[in-house]
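The values are calculated or read from the model by the stated rules, or taken from the named source; none is laboratory data. Note that the coordinates shown come from a computational prediction; the quantities given were computed from them, not determined experimentally. When we count neighbours, we look across all protein chains shown, and the Cβ atoms used for this are built from the backbone with ideal geometry, even at glycine. Ligands, DNA and RNA are stripped out before the accessible areas are found, and what is left, the full protein with its side chains, is counted by its heavy atoms. Shrake-Rupley method; radii C 1.70, N 1.55, O 1.52, S 1.80 Å.
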Amino acid sequence: MKILIGTLALLIGSSHAACPNQCSGHGTCGVDEVCTCFPGWGTGGDAGGDCSDRFCPHELAWADFPSRGGNRHKYAECANMGECDRKLGQCECFDGYEGKACARQSCPNHCSGHGTCEYMKDLQFGIVYNEYYDGSSPALSGLGAGGMKFAQDYAWDSDRARLCVCDAGWTGLSCEERMCPYGNDVMDVIPGFDEYATTDSNGIPGLAGYGNEVGQIQTVTLYDAEDDISNFVGQTFALKFTSKLNETFVTQPIMWDSDLDVVAEYIEAALEKLPNRVVDDVVVSAESSSGATGVVINVSFIGRFVQGRQHKLEVVTDRCEVGCTPRITGLANLRSFSDTTLSTVEITTIGSHQSHECGRRGKCNRKKGVCECFTGFIGAACGTITALA
């Protein structure tokens, strides 16, 4: 009798120990001594076994072999860009990838502390608003600030792939390089140049000391929603200027006067008062458009520091009250969108000069942000000739 009981106990103990490693405490032992693992547990990345290993998070694979139907980017452990630590259930991502399942790209060197790491879906076209809304059609007109951010991008990696967006004055894939001053190539040959002429072929006044060379002219057109520009009188607005180093400057409040010549004077003074002489010289004119339904403001960039193509001005028209700067009332009745006449900013005269880093007569020292001029040239942007090279 004692032998029979001992034999039964042995058999019962053997049946409970039949599943490998008793499923490691992370599963149940079933038919044919097969473990059914609890969620998140398996062996070597597969279901079953002794349930001693963890699974790692899954995400859309960055790269994988196509399925029979030709599909790619299937869900994969660690997105196929990392190794799974089976003890911890955590992904150890390869260089350049990060996140719970290695689902997003890292930005190189954390953008060197001189930029932000942005998802591809958040990247913008252009630096200023009217680079995209260039006034070439009513649909591409209007006023605003900043680059153009397109509607939702449904590409599979739009919220995973990332890129550095550098701070002002910095450039490079990891924002590790400084930018250098921009200026005109002093040796550039201007077609049709006449040092004795005072206007160009279109009758535009030439730059003082430059014959018939002309500066870039930007035209700001503002329309009142009620086709009555007198509604602007007494209101205040501001202009935003973005330098070639992507530095942004906003003017002091500009008061709208009933006399458009006074408005032009206010705009000219406000731009030339911006810090660091970033706009060293401009000429501004303002006149009413046909039927006095709008105002055409021409801003001619004639200063040495603003030669060549500049970023378009941006008009700050929204109300900015207590705690906001610059404190302005805004142009409340501004017509920004219409089927015909729209307020917008355009480049109406390209100008005679170019704008190159170091004036194309030097090399930028990327560590210092200083131009190292070629022999025979000096200046911040190598714009002065010291000898005939």
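So for the range 353-375 (the condition being of a type in the set (A, V, I, L, M) and either surrounded by 19 or more Cβ atoms within 10 Å (Cβ to Cβ) or under 30 Å from residue 137 (Cα atoms) (or both)), does at least one residue qualify?
Of all residues in the range 353-375, those of a type in the set (A, V, I, L, M) come to 370.
Those left that are additionally either surrounded by 19 or more Cβ atoms within 10 Å (Cβ to Cβ) or under 30 Å from residue 137 (Cα atoms) (or both): none.
The answer is no; no qualifying residue exists.
Show me the strands (runs of 3 or more DSSP E) found entirely inside the range 310-389 where at least 1 residues are farther than 30 Å from residue 229 by Cα. I'd like the intermediate steps shown before the answer.
Numbers: elements: 314-316, 344-349, 362-365, 370-373.
Those strands (runs of 3 or more DSSP E) span 362-365, 370-373.
With respect to residue 210, is the statement that it is at pLDDT below 95, assigned to a strand (DSSP E or B) and open to solvent by 20 Å² or more (accessible area, probe 1.4 Å) true? First the steps, then the outcome.
Numbers: at pLDDT below 95: yes; assigned to a strand (DSSP E or B): no; open to solvent by 20 Å² or more (accessible area, probe 1.4 Å): yes.
Against the criterion (at pLDDT below 95, assigned to a strand (DSSP E or B) and open to solvent by 20 Å² or more (accessible area, probe 1.4 Å)), residue 210 does not qualify.
Has the range 121-142 got any residue that is hydrophobic (A, V, I, L, M, F, W, C) and at pLDDT below 90?
Within the range 121-142, one or more residues are hydrophobic (A, V, I, L, M, F, W, C) and at pLDDT below 90.
Working only within the range 106-121, note down all residues that are open to solvent by 50 Å² or more (accessible area, probe 1.4 Å) and part of a strand (DSSP E or B).
Within the range 106-121, 116, 118, 119 meet the criteria.
Would you be able to tell me the number of residues in the range 218-235 that are outside any helix (DSSP H, G or I) and open to solvent by 20 Å² or more (accessible area, probe 1.4 Å)?
Narrowing the range 218-235 to residues outside any helix (DSSP H, G or I): 218-228, 233-235.
When the remaining residues are screened for being open to solvent by 20 Å² or more (accessible area, probe 1.4 Å), the result is 223, 225-228, 233-235.
Adding up the residues that qualify gives 8.
Scan the range 244-262 and tell me whether some residue there is over 20 Å from residue 324 (Cβ atoms) and in contact with a helix residue (DSSP H, G or I) (Cβ under 6 Å, 6 or more places away or on another chain). Step through it out loud before you land on a result.
Filtering the range 244-262 down to residues over 20 Å from residue 324 (Cβ atoms) leaves 244-247, 257-262.
From what is left, the residues that are in contact with a helix residue (DSSP H, G or I) (Cβ under 6 Å, 6 or more places away or on another chain) are 257.
Yes, the range 244-262 has at least one match.
Residue-wise test of (1) crowded, with 18+ Cβ neighbours inside 10 Å; (2) over 28 Å from residue 248 (Cβ atoms); (3) within 18 Å of the chain's Cα centre (by Cα).
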| residue | (1), (2), (3) |
| --- | --- |
| 69 | no, yes, no |
| 83 | no, yes, no |
| 131 | no, no, yes |
| 136 | no, no, no |
| 160 | yes, yes, yes |
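Would you check which residues across the range 26-48 are open to solvent by 60 Å² or more (accessible area, probe 1.4 Å) and not in a loop (DSSP other than H, G, I, E, B) and list them? First the steps, then the outcome.
So the first thing to find is which residues in the range 26-48 are open to solvent by 60 Å² or more (accessible area, probe 1.4 Å), and the list is 28-29, 31-34, 36, 38-39, 46-47.
The answer is 28, 29, 31, 32, 33, 36, 46.
Only residues that are crowded, with 22+ Cβ neighbours inside 10 Å, among the hydrophobic types (A, V, I, L, M, F, W, C) and closer than 18 Å to residue 91 by Cα: list them for the range 49-61, please.
Hit for the range 49-61 is 56, nothing else.
List every residue pair whose Cβ atoms sit under 7 Å apart, with the two residues 6 or more apart in sequence or on different chains, where the first one lies in the range 61-74 and is at negative phi and of a type in the set (Ser, Thr, Tyr) and the second, anywhere, is assigned to a loop (DSSP other than H, G, I, E, B) and open to solvent by 40 Å² or more (accessible area, probe 1.4 Å).
Final answer for the pair search is 67/74.
Residue by residue through the range 236-263, note down the ones that are closer than 22 Å to residue 181 by Cα and either open to solvent by 30 Å² or more (accessible area, probe 1.4 Å) or among the aliphatic types (A, V, I, L, M) (or both). If you could, list the steps in order and put the result at the bottom.
Residues of the range 236-263 that are closer than 22 Å to residue 181 by Cα, as a first pass: 240-251.
Passing the criteria: 240, 244, 245, 246, 247, 248, 250.
For the range 299-327, what are the residues that are buried (at least 20 other Cβ atoms within 10 Å of the Cβ), touching a Lys or Arg at 6+ places or on another chain (Cβ under 7 Å) and of a type in the set (D, E, K, R)?
Within the range 299-327, 314 is the sole residue that qualifies.
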